[in-house]
Each structure stands twice: as structure tokens, then as C-alpha cells.
1. Scan the range 36-62 residue by residue and report those that are among the hydrophobic types (A, V, I, L, M, F, W, C) and more than 16 Å from the chain's Cα centre (by Cα).
2. Are any of the residues in the range 28-48 in a helix (DSSP H, G or I), within 16 Å of ligand 1 (Cβ to nearest atom) and surrounded by fewer than 19 Cβ atoms within 10 Å (Cβ to Cβ)?
3. What residue, among those in the range 3-25 that are more than 14 Å from ligand 1 (Cβ to nearest atom) and in contact with a helix residue (DSSP H, G or I) (Cβ under 6 Å, 6 or more places away or on another chain), is farthest from residue 66 (Cα to Cα)?
4. Within the range 1-19, track down each residue that is within 15 Å of residue 58 (Cα to Cα) and assigned to a loop (DSSP other than H, G, I, E, B).
5. Among the residues of the range 120-130, are any within 16 Å of ligand 1 (Cβ to nearest atom), out of contact with any helix residue (DSSP H, G or I) (no Cβ under 6 Å at 6 or more places or on another chain) and not small (Gly, Ala, Ser)?
6. If we only count strands (runs of 3 or more DSSP E) wholly inside the range 91-159, which ones have 1 or more residues that are touching a strand residue (DSSP E or B) at 6+ places or on another chain (Cβ under 6 Å) and within 18 Å of residue 1 (Cβ to Cβ)?
7. Of the conditions (1) of a type in the set (A, V, I, L, M, F, W, C); (2) in a helix (DSSP H, G or I); (3) within 9 Å of ligand 2 (Cβ to nearest atom), residue 81 satisfies every one except a single condition; which number is it?
Amino acid sequence: MERVPVVFLDRDGVINEQAPPHQYITRWEDFRYLPGVYEAIRKLNDAGYRGVIVSNQRCIARGLLTAEGMEALNRRLLEDIEAHGGKIEAVYYCPHDVSDNCSCRKPKTGMLEQAAKDLEEQGLKIHKKASWIVGDFRSDIQTGMNYGINTVHILSGGIDTSDSGEAVNAGTEPSDSAEMENVRTEPSVGAKPVNVGTEPSDSAEPVNRGTGSSDGTDTLLHLEAGSLLEAVDKILEVRE
Ligand SMILES: [Mg+2]
Ligand SMILES: [Zn+2]
């Protein structure tokens, strides 16, 4: 089976602006792209990566949007990206609430596993060591670690801090207390960002995942970026 590198993309806060606190994006009219997204996806595709969106959407469990409504919105998103020269294979979303304890809500890996199954039907196998997840919540990063792929943490959450250099984090607070916990939870040792091409400065702080196993997970990278385009540039930079 042909192995392909995949970049899993979180949606809100990576592709589009996060909704204001306690609100959700339920209509295409409210969907606001973050800068550079079309270009970032085109670059990924040109470099041979498959793009797949994986998104927690508890707004469905809360009755704010139907599954059909979510699918219509996501279909428009994919069509629009395609009209701008990019391609996303599919959008997977978790419609459940935390209390549902499903197997798809990030940081669980159900959506990535489903994507792997769907790619397998096309004769493709995910090349995990060459694959990534890009997200703005700690739970996205944890998802990547749980699945055994590289991660890029988008720090800005879609808020432009370039003019004043001042962090405007108030606007990036997720409206979702469970996810806030995830954001604020210190990563386990393995999530410590590794600067590309830089040896860990302190050998007392292991940067591997502590497994010591031969499955390659000890060589996974955990990077940080300010935007999807910057994330893509970093991914392409560290590619072998
Ligand atoms: Mg997000
Ligand atoms: Zn779910």
C-alpha cells in the first residue's frame, strides 16, 4: 500500500477565526478565514501532503446546529478551498459533548482513525512519521501525540498580535471550559516543543516521549507557529 503523509488540521482557530466566547460558527456567513489559509493548503498539496480537517463541534450536541447544517457548511468550505487551488480530502467532526464520552472527541483519535480507514479504501496508508496535526488547543496537540504523529501548536488562536506585539489572549479563550482546561494544562514531557535543528539544551529534560520504543515516536517533533502558513513553512522546512 502506498504511504502518504497527511496533515490533520483543526478548523476553528487554524483555518477560520474562533467564534466569540460562548458562541459557535453555525453559518457559512459567519465563517471568517484567517490570513494565508488558501496559500498554506496549496503549499501542502504541492509538497505531496494530504490535508484532512478534524474538528470538535459540540455545538451539535447542544442543539445549536444539526449534523446536516454542519455538513453543508463543511461542504462549502471544501468547495471554496478547491476554488482557490487547494484540496482537503475530508472534514471529520465530533458532534458529541464531553459527557458523551465518545471515541472521536479530541484528544481521542477516533477521527484520525476514521480518516485512515477512508484513505485505506483508496489504497493509501498514512505515513505517521511524516504526518502532522496543526491545532490551537492543547487537546489538538495531545491528539497528535496519542496518534503518534508530529504536531504544530498555533499559538495565536487567530488573533492578530502583529501590530502591537501585545498578546490579546482574552479574545482567544475557548467558550468551552473542558477545552480551556486542556489549553491550560501543562503538556506532558513529550509535548515540550523541540526547536528544529537545535539539540535539546539540557539532557536532564528528555524530549522524547519516554517510551524508548522502536516505533519512531521518540523522534516526533512538537513545533509552534503563529499561523497555518507559518506552520506549513515549518513542516516543509523539517521535511527530510
Ligand atoms: Mg481550534
Ligand atoms: Zn465524538
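Any read-out appearing in this document is the output of simple, stated calculations on the displayed coordinates, not a laboratory observation. All values reported here derive from a predicted model rather than from experimental measurement. Glycine also receives a Cβ, built like all others from the backbone with ideal geometry; neighbour counts cover every protein chain displayed.
1. Those that are among the hydrophobic types (A, V, I, L, M, F, W, C) and more than 16 Å from the chain's Cα centre (by Cα): 47, 59, 60, 61.
2. So far as the range 28-48 goes, yes, one or more of its residues are in a helix (DSSP H, G or I), within 16 Å of ligand 1 (Cβ to nearest atom) and surrounded by fewer than 19 Cβ atoms within 10 Å (Cβ to Cβ).
3. Going through the qualifying residues, I end up with 5.
4. Answer for the range 1-19, where residues must be within 15 Å of residue 58 (Cα to Cα) and assigned to a loop (DSSP other than H, G, I, E, B): 10, 11, 18, 19.
5. No, the range 120-130 contains no residue that is within 16 Å of ligand 1 (Cβ to nearest atom), out of contact with any helix residue (DSSP H, G or I) (no Cβ under 6 Å at 6 or more places or on another chain) and not small (Gly, Ala, Ser).
6. Once the strands (runs of 3 or more DSSP E) in the range 91-159 are filtered for at least 1 residues that are touching a strand residue (DSSP E or B) at 6+ places or on another chain (Cβ under 6 Å) and within 18 Å of residue 1 (Cβ to Cβ), what remains is 124-126.
7. For residue 81, the failing item is (3).
So that you can scan it fast, the table gives a plain yes or no per residue for (1) within 12 Å of ligand 2 (Cβ to nearest atom); (2) of a type outside the set (Phe, Trp, Tyr); (3) under 24 Å from residue 155 (Cα atoms):
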position: 36; (1), (2), (3): no, yes, yes
position: 41; (1), (2), (3): no, yes, yes
position: 59; (1), (2), (3): no, yes, yes
position: 62; (1), (2), (3): no, yes, no
position: 69; (1), (2), (3): no, yes, no
position: 114; (1), (2), (3): yes, yes, no
